[in-house]
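Take a look at the structure below.
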Amino acid sequence: MNLHVAKSGSDDAPGTAEEPLCTIGAAAALARPGDTVVVHEGVYREWVNPPRGGTADAPITYRAAERADGGFEPVTISGAEAITGWRPHPGPGHDGRVWVVTVPNTLFGACHPYVERIGGDWFFDETSTWHTGEVYLDGKSLYESQTLGGVVRPEVMADSSDPAGSLLTWYCEVGDDLTTIWANFGGADPAAHQIEINVRKHVFWPAVTGVGHITVRGFTLTKAATQWAPPTALQEGLIGPHWSKGWVIEDNTITDSKNVGIALGKEISTGQNEWTTGAKGAKGGTQREREVIQRALALRGPDAGEPHPWTREHVGSHTVRRNTIQDCEQAGIAGHLGAVFSTISDNHIRRIHVKRQWHGAEVAGIKLHAAIDTVISGNTIHHTHRALWLDWQAQGTLVRRNVFYASTAEDLMVEVCHGPYLVDSNLFLSSWAVKDMSTGGAYVQNYIAGRIANCVDHHRYTPYHLPHGTAVHGVANILGGDNRFLNNVFVGDADAGRTDPHGAPELASFWTGAVDMDGVPGQAAFVPTPVGTSQYDSYPMPEEYPGDGGGPTDGQRLPVHIEGNLYAEGAEPFRGERGAVVVGTAPVRVEVLDGMAGTVRIDVTGPEGFPAVAPVTTARLGTSYQAEMAWTNPDGTELDLGADIIGNPRDVAVPGPFAPSPAPGHSVRMDPAPDGRPGRRNRRT
């Protein structure tokens with residue numbers, strides 16, 4: 001059955017096309033498994049809190065109404081309210097820039113965004129007290145000030161991606177009955193513009209766990225007063241499944257969450273910032289996180305008054321695809337435990353953590369803990385702090401055919417994982433490509449134009465699992481090594497023409513490619529080396545590794561397997577790589593055509609043909625050291641690496657993510673957002 005919602009409707013109506021409901025929440029109260037809620041054009045200012053889910057065979061679908069041309073009617077669901085009644089600030093220095101308004105506290109309900117402060121485990125800012133609320137001028141968020149003086153006399157924030165925009169500021173004070181907000185609109189008269197403030201914590205989020213098998217399609221979802229979402233607390237988002245199974249989030253535009261756009265992560269009962277809120281000298285964050293995992297496995301389910309346990313039957317298996325996700329200050333997508341067995345594909349993620357008023361260890365375009373058998377493919381991620389961060393338990397994870405650039409830290413960080421995880425046929429275009437703090441990684445057929453940082457961690461012990469499940473098999477520290485670098489193209493920076501590797505001259509003053517390697521623990525260290533694999537020169541080759549069968553000695557690094565790579569323009573190979581191909585000019589060049597649109601062009605510039613190399617297969621990759629598990633697909637079948645980054649078949653194996661058939665002068669264009677539909681990858685030759 002279809003339930004229709006329209007701004008002209010009534011919540012007393014039956015929800016037919018002729019007599020639609022007025023709110024999405026009213027339709028959610030009626031929807032049963034197999035039903036579809038069709039929402040027609042308009043702005044809906046509400047928190048959609050679905051009381052029930054569907055089933056694997058009969059999901060409940062929420063979608064924007066379709067136009068005759070196949071697109072969606074413009075439907076926005078917002079966590080903000082439009083605010084009028086602004087008056088000029090009467091204080092000294094007012095010149096038409098500063099305005100003030102008072103709103104009743106009853107507007108905010110149980111959660112007041114101008115009282116709630118951002119904070120929690122792994123949140124670094126211990127001195128400033130930022131709110132989850134926000135103020136928007138024509139849809140663009142302003143910058144919070146700690147004082148009224150910072151509104152009257154604002155100063156440029158040097159770390160912001162938009163220095164001029166950082167002069168538009170706001171400040172709040174909350175009384176018993178009223179909240180007062182001052183805002184500097186830079187000379188704009190608020191009566192002539194739309195001014196909104198955050199009112200709701202969520203836009204599309206079930207209040208209880210276990211509401212599974214829901215599809216959300218075709219909306220603009222915007223403006224939520226979300227809290228910081230570390231792996232040891234409730235991980236809330238603008239939208240998310242809240243510890244359930246089988247959600248599909250597709251073809252949406254998701255913007256302006258104060259912290260996380262899509263949250264696929266942990267519920268609250270297994271821990272809520274116990275490291276931060278515990279007594280001085282209490283257990284550290286790493287131990288708290290290990291405890292969270294054990295508690296999640298021990299959950300007994302709704303029949304016992306608790307959420308479902310962390311198993312394949314109850315949690316994960318979500319699909320997040322073809323969304324545009326932007327302007328979130330912590331992460332576009334985040335999740336601890338809850339993203340297992342999921343697919344995150346063909347999303348366009350940009351402008352994450354660009355205001356930079358505060359920072360923490362959970363900031364990335366995508367930040368996942370325990371991405372077991374999770375496939376991350378075809379995404380374009382740029383203008384972020386860190387593009388993709390896999391933290392703990394990346395086991396069976398596939399990172400395939402993504403485009404990364406304009407990262408102020410690095411494109412990919414893999415932290416204290418034991419593998420096996422596969423990084424295949426990606427474009428790494430930022431000045432720093434990979435921070436490797438793990439073992440068990442296979443880097444295959446990538447184009448890498450940035451440096452690699454590597455370090456061990458003998459102090460943190462993290463879990464690994466039985467294959468293709470959540471049961472913990474053991475815990476171990478990070479010895480380093482057990483990595484494969486096979487058939488990649490490394491392009492150095494000897495060419496002065498690469499002074500703007502981000503392809504974003506409009507933000508050249510901010511996105512400079514500066515080394516910003518935050519997140520490395522104090523006991524870990526790395527030594528910068530040129531682009532290439534010489535970062536691993538201190539690691540043993542397989543034939544150099546002790547063969548006594550007793551495993552590594554104390555501090556002994558695991559061997560690395562490095563073969564079939566091409567190095568160009570100053571990139572340097574691993575000391576023991578046999579048959580490394582070193583050339584002066586790269587036979588292929590990748591250029592970012594439009595930094596904000598995410599359009600990339602691949603030009604074949606060198607002589608015809610790349611050197612033929614041995615193909616990569618599951619058998620060739622072998623098994624990872626700790627988990628003793630092969631590199632396979634999530635269902636356990638053997639990998640097929642026979643297609644390149646745009647899907648062309650590889651008749652012959654060559655280094656890099658490109659099939660060998662194009663001749664010199666041939667170009668391939670990749671565009672993440674054609675035809676006006678958010679996030680849809682377009683590839684044309």
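We did not get these values from a lab; they are worked out from the coordinates using the rules stated. Since we're looking at a predicted model, the values are computed, not measured. Heads up, the Cβs are rebuilt from the backbone with ideal geometry, glycines too, and the neighbour counts pull from every protein chain shown.
Local charge for Gly335 was computed over the other residues whose Cβ lies under 12 Å away, with Lys and Arg +1 and Asp and Glu -1, and equals -2. Per-residue packing, averaged as other Cβ atoms within 10 Å, sorts the ranges 234-243, 123-132 into the order 234-243, 123-132, beginning with the highest.
Net charge near Thr61, counting Lys/Arg +1 and Asp/Glu -1 over other residues with Cβ under 11 Å of its Cβ? That works out to 0. Computed from Cα atoms, the angle from the helix 285-298 axis to the main principal axis of the chain rounds to 80 degrees.
Remark: segment 413-424, residue by residue, has Karplus-estimated 3J(HN,Hα) of 10, 10, 10, 6, 10, 10, x, x, 9, 10, 10, 10 Hz, where x stands for each Gly or Pro and the curve is 6.51 cos²θ - 1.76 cosθ + 1.60 at θ = phi - 60°. Listed values for segment 159-176 are Karplus-derived 3J(HN,Hα) couplings in whole Hz (6.51 cos²θ - 1.76 cosθ + 1.60, θ = phi - 60°), namely 7, 6, 6, 10, x, 5, x, 6, 7, 8, 10, 8, 8, 9, 9, 10, x, 5, and x replaces Gly and Pro. Need one word for segment 575-662: rounded, prolate or oblate. Basis is the Cα gyration tensor (sqrt eigenvalues a ≥ b ≥ c); a/c below 1.5 gives rounded, then a/b vs b/c decides. Prolate, because a/c is 1.5 or more and a/b exceeds b/c.
Arranged from highest to lowest average of other beta-carbon atoms within 10 Å per residue, in what order do the peptides 112-122, 338-348 appear?
Top to bottom by mean Cβ count within 10 Å: 338-348, 112-122.
Listed by chain and number, the lysines placed with their C-alpha closer than 17 angstrom to that of Lys367 are Lys258, Lys266, Lys435; residues fewer than eight positions away on the same chain are left out.
The relative contact order of segment 81-198 comes to 38 percent, based on Cα pairs under 8 Å that sit 6 or more residues apart.
Each other residue within a Cβ distance under 11 Å of Thr462 adds +1 if Lys or Arg and -1 if Asp or Glu, for a net charge of -2. Calculated FRET efficiency, Asp138 to Asp603, Cβ-Cβ distance, R0 = 41 Å: about 0.60 to the nearest 0.05. Using the Cα coordinates of segment 81-198, the gyration tensor eigenvalues translate into equivalent-ellipsoid semi-axes of 21, 19, 13 Å, sorted from longest to shortest.
Could you put His308, His383 in order, starting from the residue whose Cβ has the fewest other Cβ atoms within 10 Å? Before the final figure, lay out each step's value.
Details: His308 21, His383 26.
The most exposed by this proxy come first: His308, His383.
Each residue of segment 621-629 was assigned a 3J(HN,Hα) from its phi angle through the Karplus curve 6.51 cos²θ - 1.76 cosθ + 1.60 (θ = phi - 60°); the sequence is 5, x, 10, 6, 5, 6, 6, 6, 10 Hz, with glycine and proline shown as x.
Starting with the fewest neighbours, write out Cys111, Cys172 ranked by other beta-carbon atoms found within 10 Å of each beta-carbon.
Details: Cys111 14, Cys172 20.
Arranged by neighbour count, lowest to highest, Cys111, Cys172 become Cys111, Cys172.
Based on every Cα atom in the chain, Rg and the maximum pairwise Cα distance Dmax equal 25.2, 80 Å.
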